[in-house]
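S.K.: Sharing a structure with you now.
The values are calculated or read from the model by the stated rules, or taken from the named source; none is laboratory data. Every value quoted in this text rests on a predicted model; they were computed, and no experiment measured them. Glycine also receives a Cβ, built like all others from the backbone with ideal geometry; neighbour counts cover every protein chain displayed. Only protein heavy atoms, including side chains, enter the accessible area calculation; ligands, DNA and RNA are left aside. Shrake-Rupley method; radii C 1.70, N 1.55, O 1.52, S 1.80 Å.
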Amino acid sequence: MINTIILTLVLFNQSQLIDSVEVFNFTSSKSIGIQAVKMTNMFRTELGKLTPVLTKEREENIGIASTMTLMDVTKLCREAKISGIVSGKIKKISNKYRVQVMYHNFSNNRTDTIVTVNSDLSQSAQLLAKSIFHIRKGEEELEFGSIQIGTNPAGAEILLDGEYVGNTPARFDLIPFGEHSILLSKKGYNTAIKLIVLYPGKISTLTETLIPITGTLLIPNDKMPVYLLDEVVVRGERIKEKLFETPKGVDIISRREIEYSGARDVPSLLSQVAGVSVVDPTGSGIFSSIKIRGMDPSKYTAVAIDGVVINDLDGKVNWSNIPIELVKRVEIIKSSLSTYGGKAAGGIVNIMTKEKEKNKFSLSTTNGKDIGVGITFSASDVWSVWANTNGRKGKGWRDEETYDIRNFYAKSNFPMDKNSNISLSFDLQNNNITLPGGLTAAQIAINPEAVGDDKEEKYQQTIRLSSQYMSESDAYNFLLNFNAMPQTYDVELPWLKQRMNGINLSGNSSYKKDNFTLTSNIDWEFDRRRTTKNYTIPEKDTSSDDNAQLINPRISMEWREKFYGVSITPGINAEWVGYWFQNGALGAPSPNYTSAFSPNLGFLIDAKGFDIFASFDRALRLPKPYEKVKNIELKPEFLSTSEAGIRIKKSNMNASISVFYIKIADQILADANTFTNYGDAFHRGAEGSIDLIVTDAISLFSTYTTLQAKSLAENDSTYVVPGNPFQEAEVGLRISKIPLFSLTGSYKWRGKSYIDYKNEFGTIPPYGTVDVTSKIIIHSNVSLTFGLNNLLDEKGKNFGYKLNNEARYYPIPPRGFRVEGGIDF
Amino acid sequence: MVTILILLFFNSCKVKVGVNIPLTGPVASYGKYCLEGIQLRAEMSPEIELVVDDNEADPNNVTLILKKFAAESVKVVIGPLISPNAVVAGIEGKKLGITIILPAATNSALTKVSPLLFRTCFTDKQQGEAIAEFLYSTLDKKELQIVADTGNIYSSSLALYVRHKFAKLGGKTELIPIGNKTEVDTLVEKFTFNTVFLPLYYESVKPIIVKSREKKFDITFVGADGWDAPELFEALKNDSISAYFSTHYFMNNNNAAHEFDSLYINKYNKCPNTFVALGFDAMNIILDALKSAKSLSSADIHRALLSIKEFQGVTGTFRYKGKADPQKDVFIVKLQSGKTSLFTKIPASECK
């Protein structure tokens, strides 16, 4: 209930101020009138303390005129040649008083406003008395300041020292000098927090341009304001820049958005990003592959935990090593970055982890056919550590799909001094996986759970020791990575057996001053692959041993300048790559060298309500021995990426659209698993997303990606790159009450994709899936996560290839569930 | 599994104290030191269960963590550390009904934001007035030049409080506003009085003092808690002219501090700094309130905090007059030839 007291407190004459002190109360009801009388008396007492001249006799002049209006009083005052009038309003909101007092000076027609809040009546009376006393003495300049607050756009709510005082634009006078806090909030905009100092006798001006809520995947869906922060893109290594200074397709999933997403693991979080496509063949989440703009993830997408790239030698990522509870932020750069080198030529997913989280024990199952156990432990003292160990054993949904995986990942951080620290990470994987192989269309028609004759067995043992030394100051960053990864990766197919191992070392330093960034990197890698043929298949002319050694130093420079509102970022990347391939056990190494100057250029127009960006990047990607299936010479690929987009910022809606064109020169062309030749591959497409707030607790999201990926071989025949859908769309709904509950349901549709463009039987038909994921906190220490996959039970085919001129498909899992119970301890 | 259930059972008997501070990000080092202090005190009290979360100094994380704490039945929260985060915490904490202890945020405006904010350090206003009093009365300075970084709230507010109080006492003041682009050479040329107050962070203080010594200026420099960093002491080891600064804590300043110093040195093999001490005292105050709290509800703990009249901590004496801001001892440290010594302590009772 809101009570309002309107009162005219004091009338006074300029020459004999106190003599004519009069108090009038205008009351709207009897009960409020009592408050007004109380207030008047308190005010009188306070004023009396400050001005001993207010004697008993003079107090008699104070009268109460409960029937008069403010206009009547003003008229009376003017007639009596009284110089000023103080009028006020008290609003009682709950148990608080918001007192607004206006001092109208008739002689100069000036009106000052005093607002006091969050105080009891006596405190308000005290402040008012003090204010008026100082006005009278002409001393207001010693104790009070004024503030003019404006926002663009106007109409933002002003919270002065935590209390609502009005909307912008507004001016407040007679505010006690010193420190104050101001929060400016408007629906659809980031809340701005300002701590200000008011100087006595001065008018401070605060003009704030409110930034629309944008750049987020998920719209906040409760009343919690989003506070203005400079979203920083760390760009994989330590070059920091603000999100809206980045002329590229960038998505940042903040910790807050992770909480709201209801995602149960990192792949399901990434699947909500436009342009990112996730394929989870078993439904368990552990073998998910993540494609950015249709680019082969094993070749072009670098996934990093806290800046340490964790892709295995074959480019794959073990997602079960990254418990989502430990993730505090994910940055996705959906384009090549010449400064980062070829390993991220298709994009970077940089996952930043928390220093400390509660210890967790979890048990999970997929369709009741497997069991997973996970323990996450973290500690922090002078140094910090987190470790995750997990195992999953059981059967997939198809016959003979089995897995037995055991992982351990630990990361520790040791601060050296204020600016530098060393972090160590240790990764141990022991995975034994049997995949039932692809089926022909005829086999699927009979039994989609059957086993193909190209059943695949994988045995992987990896030990990775990474260390990172990071030193950071305002102008300078230095980073040294050491990434030693003895890895044994055995793949057993009916026709061949492969074992791979390797080691990687890299170093990086960057220098940033004003608009200029200089980065230098060096990578060294040694890979070894041993192949044993079981059968003779003419297309796969495999050799027994391949060793490769690569050195790649790079220097990149980048400027940023602003001309007429357009931010332009030109840069150049100079690199040299030396690589040695040794074919066969006794073969002589064949040295190769390539050097390249790669330009990059970005444009950004940051306009009101939207920004437009465009960029061009060129990157050189180093060859890998595991790509060498046929005995052809390996050489680096050149990737040229152009993209342009627009990010629209509206009050309760965010939208973004971008188009991209990627040319991969000298790619080894895979014509349905047959590596035959070099050629140029082209990925062109568009992606867009819309996030919409419906109510405080409900939000909608949608993404759309369209892609065409073709390759052009030397003999000029065109193929569609296998496995790439031409269109992908998702619409989803989120309902959350954080931190207790979050639920996300989405419908995902994939358009037709091809195994072999030239043969109609190599076409994968369109299909749709409905997935639901939810997280519930049952008790402060107990949580339950459940996911329902593919509720429509479509037995479509999401990935295929061609074997012996016949299309093979991996059917996606039918309706299923995954449930995980967790206990924090 | 059985071990976990047992752990769960025992954990539920404890009082959950949340710690919402930055452990990564731009001010991570403050958070890490503060946490050391909090943990050191909590380890001595088996009834306390600490729930620590890193807010990265990001206001969105500050609110998210508070919501999580509320769901986990956390009774009282220590942190955030920096003032802009504290405003946000005040607003969210008020909605959630969680009592929040501010161990190191000195901005005087903070406790007005929410009645559930409770501070365990002095405010900029108290610090500024204590410095003015010290300069005017103890050092007998009658003229003071004040350098204020107008773009920085900490600097400009301290400058204002010192100037206002110093002028009220009868002293003459002159303000020298500086910004990002002010050259040290130009600034030093403006020093015409023999006492200069530098309410700046230690990185900015060093070049100003070094440059004025190069020019053979015999100026007494005075600073505030932003000076309290070994990096500054090291940089001024060749400066034999005394400088003074105010701070929250000095080693061995009282019996409680003496005990704390030994505890910390034994565990970490290094000397404690101000943030460790402030963290330790934040936990100290909570434990003191728990003794008199009627129940373990957040409201009763808050009432118990407000009923504390006087408290002796390692950062000196705290005097609360039923309000959320204490009057505290302000330590004035003398810095000469890179060495620090406790020059005087302005007791809480004298700070107005």
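S.K.: Tell me the accessible surface of A:W576 in square angstrom (1.4 angstrom probe, heavy atoms of protein chains only), to the nearest ten.
M.R.: The accessible area comes out at roughly 100 Å².
S.K.: By how many nm would the segment from A:F603 to A:A445 grow when fully extended, if each residue of separation counts as 0.36 nm and the alpha-carbon distance is taken off?
M.R.: Extending this stretch completely gives an extra 51.7 nm.
S.K.: Okay, next question. I'd like the distance separating the alpha-carbon centroids of segment B:279-321 and segment B:150-174, in whole Å.
M.R.: After rounding, the separation between the Cα centres reads 32 Å.
S.K.: Given a Förster distance of 22 Å, report the FRET efficiency between A:L733 and A:L784 from their Cβ-Cβ distance, rounded to the nearest 0.05.
M.R.: Between A:L733 and A:L784 the formula returns 0.65.
S.K.: Relative to the longest principal axis of the C-alpha atoms of chain B, give the angle of the C-alpha long axis of helix B:28-42, reported between 0 and 90° and rounded to the nearest 10°.
M.R.: Here the helix axis deviates by roughly 50 degrees.
S.K.: To continue, here is another question. Please compute the net charge surrounding B:I82, taking Lys and Arg as +1 and Asp and Glu as -1 over other residues with Cβ under 12 Å from its Cβ.
M.R.: -2
S.K.: Compute the FRET efficiency between A:I698 and A:N515 as 1/(1 + (r/R0)^6), taking r as their Cβ-Cβ distance and R0 = 41 Å, and round to the nearest 0.05.
M.R.: Result of the calculation: an efficiency of 0.45.
S.K.: Another question, then. Taking every pair of alpha-carbon atoms in chain B, what share in percent sits in each 10 Å bin, from 0 to the bin with the longest distance?
M.R.: Computed distribution, short to long bins: 5, 25, 33, 23, 10, 3, 1, 0.
S.K.: Follow-up question, since we're still on this one. Given the pairs A:K737/B:K14; A:K299/A:K343; A:K369/A:K393; B:K14/B:K291; A:K316/A:K710, which are separated by over 18 angstrom at their Cα positions?
M.R.: Checking Cα-Cα distances, A:K737/B:K14; A:K316/A:K710 exceed 18 Å.
S.K.: Follow-up question, since we're still on this one. Within segment B:158-216, list the trypsin sites (Lys or Arg not before Pro) lying in a DSSP loop whose Cβ has at most 12 other Cβ atoms in a 10 Å radius.
M.R.: B:K181, B:K215, B:K216
S.K.: Same structure again: What does the charge add up to near A:I286, with Lys and Arg as +1, Asp and Glu as -1, over the other residues with Cβ less than 14 Å from its Cβ?
M.R.: Taking every Cβ under 14 Å from that of A:I286, the sum is +2.
S.K.: Within the set of other residues whose C-beta is less than 12 Å from the C-beta of B:K270, count the net charge using Lys and Arg as +1 and Asp and Glu as -1.
M.R.: That sum, taken over residues with Cβ under 12 Å, equals -1.
S.K.: Kindly compute the accessible surface that chains B and A hide from a 1.4 Å probe when together, both sides summed, and give it to the nearest 100 Å².
M.R.: In total, this chain pair buries about 4600 Å².
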